[in-house]
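Here's the structure, in structure tokens; my notes come after.
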Amino acid sequence: MDVTFVSDGADVTRHTQDDDLIVGIKSARIWGTLGWHDIRQRYRRSVIGPFWFTLSTAIMVVVLGALYSTLLHQEISDYLPYLAVGLVMWGYLAAVANEGCMAFISAAYLIKQIRLPLTIHVCRIAWRNFVILLHSLPVVVVLLVAFGRWPKPEFLLVPLGLALLLLHGVWVGVTLGVLCARFRDIPPIVTNLIQVVFFFTPVMWSPEILKNRAWVAEYNPLYHLIETVRAPLTGRPIHWESWAWSVGLLIVGFAFAQFLLRRFRNRVPYWL
């Protein structure tokens, strides 16, 4: 019996290496359902379910915030929301990169049996971790309200920043997924690289404390990705350079992901 996967009236099994990226992203019904299924399975029979993400984020922020606000001589009312957003955004970026390395390897049984756009498997990972991100954001809202930090008009930029972050997860996952399917030494390299880059990214510290060495943050694209959400959410000054970095990197990233799919999409099943 033939099985046809249909999304929004289109047969997603009919695609080529040229439109894999577009068809995969458009198949929101498929990767959205699969991503949510992953979360439900992870917390099956749990009382509070995905809200464990919220609780774990709250504990991490309170513990680290109390410690590092003292070490860095930061006002805790400013530092806690800053740290909370940074940890939540970094958690998403790190998870997408690490899981993106295994996107096609872990889905090998599906890729070898069903001709779906490879991008669907990446969107599944990006969406799953984006839902986790959304479950952690209430911690930031509670902290802002607790310290009397009410939303400013810039808050309207937050959904746009989150949308950009979700899209960044797609091209990162496609790129790493293809490369790691071919070269199995890349996943541990990425894991260790992420741990190192964390300390060079303003997640727990702000660029202002570096003074004349603030260029360490200004030339760090991950800082700008985080700042597109953190600045409007916490009321920090909006630096349009961060938005330029985010959009520019998104264009370059998707162009490179499209190049990889055009060249190697049909080879991936043989590499798995």
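The values are calculated or read from the model by the stated rules, or taken from the named source; none is laboratory data. Please read these numbers as outputs of a predicted model, since none were measured by experiment. Here the Cβ positions follow ideal geometry from the backbone for every residue, glycine too, while neighbour counts run over all protein chains shown.
Annotations for the structure displayed:
- Filtering segment 31-48 to residues that are under 16 Å from PHE130 (Cα atoms) and out of contact with any Pro (no Cβ under 9 Å at 6 or more places or on another chain) leaves TRP31, GLY32, THR33, LEU34, GLY35, TRP36, HIS37, ASP38.
- Total residues in segment 84-137, condition surrounded by fewer than 24 Cβ atoms within 10 Å (Cβ to Cβ) and not in a helix (DSSP H, G or I): 7
- Total residues in segment 204-223, condition modelled with pLDDT of 90 or more and of a type in the set (Val, Ile, Thr): 0
- Residue check for TYR270: of a type outside the set (Val, Ile, Thr) and either crowded, with 20+ Cβ neighbours inside 10 Å or modelled with pLDDT under 90 (or both): no
- Applying the criterion of being surrounded by fewer than 17 Cβ atoms within 10 Å (Cβ to Cβ) and of a type in the set (Val, Ile, Thr) to the residues of segment 177-189, the residue that is nearest to VAL61 (Cα to Cα) is ILE189.
- Those residues of segment 143-154 which are among the hydrophobic types (A, V, I, L, M, F, W, C) and either in contact with a Phe, Trp or Tyr (Cβ under 7 Å, 6 or more places away or on another chain) or under 23 Å from ILE238 (Cβ atoms) (or both), in sequence order: LEU143, LEU144, VAL145, PHE147, TRP150
Let's see how each residue does on (1) within 20 Å of the chain's Cα centre (by Cα); (2) touching a residue at least 12 places away in the same chain (Cβ under 8 Å):
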{"site": "ILE25", "(1), (2)": "yes, yes"}
{"site": "ARG29", "(1), (2)": "yes, yes"}
{"site": "ARG45", "(1), (2)": "no, no"}
{"site": "PHE51", "(1), (2)": "yes, yes"}
{"site": "LEU55", "(1), (2)": "yes, no"}
{"site": "ALA66", "(1), (2)": "no, no"}
{"site": "LEU80", "(1), (2)": "no, yes"}
{"site": "ALA84", "(1), (2)": "yes, yes"}
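- Scanning segment 244-270 for residues that are touching a Pro at 6+ places or on another chain (Cβ under 8 Å) and within 12 Å of ALA181 (Cα to Cα) yields nothing.
- Counting only helices (runs of 4 or more DSSP H) wholly contained in segment 197-272, the ones carrying 2 or more residues that are closer than 19 Å to LEU165 by Cβ, of a type in the set (A, V, I, L, M, F, W, C) and more than 16 Å from the chain's Cα centre (by Cα) occupy 221-234, 240-264.
- The condition (being under 16 Å from LEU21 (Cβ atoms) and free of Cβ contacts under 8 Å to residues at least 12 places away in the same chain) is satisfied by just one residue among VAL268, VAL252: VAL252.
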